[in-house]
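Remarks on the structure that follows.
The values are calculated or read from the model by the stated rules, or taken from the named source; none is laboratory data. Note that the structure is a prediction, hence the values are computed from the model and not measured. Backbone-built Cβ (ideal geometry, glycine too); neighbour counts: all protein chains shown. The accessibility values were calculated without ligands, DNA or RNA, using every heavy atom of the protein model including side chains. Shrake-Rupley method; radii C 1.70, N 1.55, O 1.52, S 1.80 Å.
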Amino acid sequence: MVRIPDAKVALSTASVYPESTATAFEIAARLGYDGVEVMVWTDPVSQDMEALRRLSDYHRIPILAVHAPCLLITQRVWSTDPWTKLQRAQAAAEKLGASTVVVHPPFRWQRQYARDFVAGIWRMANETDVRFAVENMYPWRYRDREMLAYAPDWDVTKDDYRHFTIDLSHTATARSDALQMIDRMGDRLGHVHLADGRGSAKDEHLVPGRGTQPCAEVLERLAHTGFDGHVVIEVNTRRAMSSAEREADLAEALAFTRLHLASAAKVPRP
């Protein structure tokens, strides 16, 4: 007998880049994902609540999370003010029925935002049922140089947040221990970005099982602890030579995730 945990497996719309947000919904539905996480970025559809709602209804695939526009390439998406971005992400999650907003810690040069970030995230979290899950990042490296680009810290467990997102590609790039980070997050771990990496200075987002991260062990631990958040496949498929190859990678990632969540959830017969 197998007891499957309550965690749902979602596809990040970033995983189909350079294809569109709309394509992500189509692929997620065809492959049998439980939902999607919308990466809000330069694709106009990702910023349009009505368009997202129509895609969700048409493909019968729920939107489980919204990733706020925190990347360098999204500095002007939904305003240049970072708090306005988070307010709009919260409103989007509430309108679309998503339970989680994923947010990165501020860039170090966003000084006022960084100073107020921890208290501000708590304030916003107290105003909604939506989880603000702050994501672990990594130092930026070039050759033998290292730059601390995030504040208060790339290791979000050093600060007090209600909910965390762990990203296993980011633990690879940071060369940190993912299982120890999960231990530090404890019951505040609310969201998972599942990907792999080999410890490169680049944020690789490999298909789980193709790098050195303990992806299987993380999934097994989530199953054993009754994790009820979302496991989001957030992988880089830009090198896929065709749409079919991209879809095969995303099918492999889904199969890997479901296999290890289920295998860890086996219970003995009475």
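Tell me which residues, restricted to the range 97-134, are assigned to a loop (DSSP other than H, G, I, E, B), under 17 Å from residue 158 (Cβ atoms) and open to solvent by 10 Å² or more (accessible area, probe 1.4 Å).
Once the filter is applied, which keeps residues that are assigned to a loop (DSSP other than H, G, I, E, B), under 17 Å from residue 158 (Cβ atoms) and open to solvent by 10 Å² or more (accessible area, probe 1.4 Å), the range 97-134 yields 104, 108.
Consider residue 192 carefully, then state whether it is farther than 30 Å from residue 119 by Cβ and either of a type in the set (A, V, I, L, M) or over 17 Å from the mean Cα position of the chain (by Cα) (or both).
The answer is no for residue 192.
Can you tell me how many residues in the range 139-152 are at negative phi and either in contact with a Ser or Thr (Cβ under 7 Å, 6 or more places away or on another chain) or in a loop (DSSP other than H, G, I, E, B) (or both)?
Looking only at that region, the number is 6.
Would you check if residue 212 is in a helix (DSSP H, G or I), farther than 26 Å from residue 99 by Cα and among the β-branched types (Val, Ile, Thr)?
No: the conditions fail for residue 212.
Checking residue 42 against (1) polar (S, T, N, Q); (2) free of Cβ contacts under 8 Å to residues at least 60 places away in the same chain; (3) buried (at least 18 other Cβ atoms within 10 Å of the Cβ), only one condition comes out false. Which one?
(3)
Of all residues being among the charged types (D, E, K, R) and in a loop (DSSP other than H, G, I, E, B) in the range 217-248, which is farthest from the chain's Cα centre (by Cα)? Just the residue, please.
Ranking the candidates gives 239 first.
Scan the range 49-60 residue by residue and report those that are surrounded by 15 or more Cβ atoms within 10 Å (Cβ to Cβ) and acidic (Asp, Glu).
Of everything in the range 49-60, nothing turns out to be surrounded by 15 or more Cβ atoms within 10 Å (Cβ to Cβ) and acidic (Asp, Glu).
May I ask you to list the residues in the range 193-209 that are part of a strand (DSSP E or B) and at pLDDT below 95?
The answer is none; no residue qualifies.
Has the range 180-200 got at least one residue that is closer than 21 Å to residue 15 by Cβ, open to solvent by 10 Å² or more (accessible area, probe 1.4 Å) and either among the basic types (Lys, Arg) or in contact with a Cys (Cβ under 7 Å, 6 or more places away or on another chain) (or both)?
Yes, the range 180-200 contains at least one residue that is closer than 21 Å to residue 15 by Cβ, open to solvent by 10 Å² or more (accessible area, probe 1.4 Å) and either among the basic types (Lys, Arg) or in contact with a Cys (Cβ under 7 Å, 6 or more places away or on another chain) (or both).
Hey, can you tell me all the residues within the range 216-230 that are touching a helix residue (DSSP H, G or I) at 6+ places or on another chain (Cβ under 7 Å), open to solvent by 20 Å² or more (accessible area, probe 1.4 Å) and modelled with pLDDT under 95?
220, 221, 224 - these are the residues of the range 216-230 that are touching a helix residue (DSSP H, G or I) at 6+ places or on another chain (Cβ under 7 Å), open to solvent by 20 Å² or more (accessible area, probe 1.4 Å) and modelled with pLDDT under 95.
Answer yes or no: is there a residue in the range 22-31 that is part of a loop (DSSP other than H, G, I, E, B), in contact (Cβ under 8 Å) with a residue 12 or more places away in the chain and of a type in the set (A, V, I, L, M, F, W, C).
no
Quick one: in the range 61-96, which of the residues that are in a loop (DSSP other than H, G, I, E, B) and surrounded by 15 or more Cβ atoms within 10 Å (Cβ to Cβ) is modelled with the lowest pLDDT?
That would be 71.
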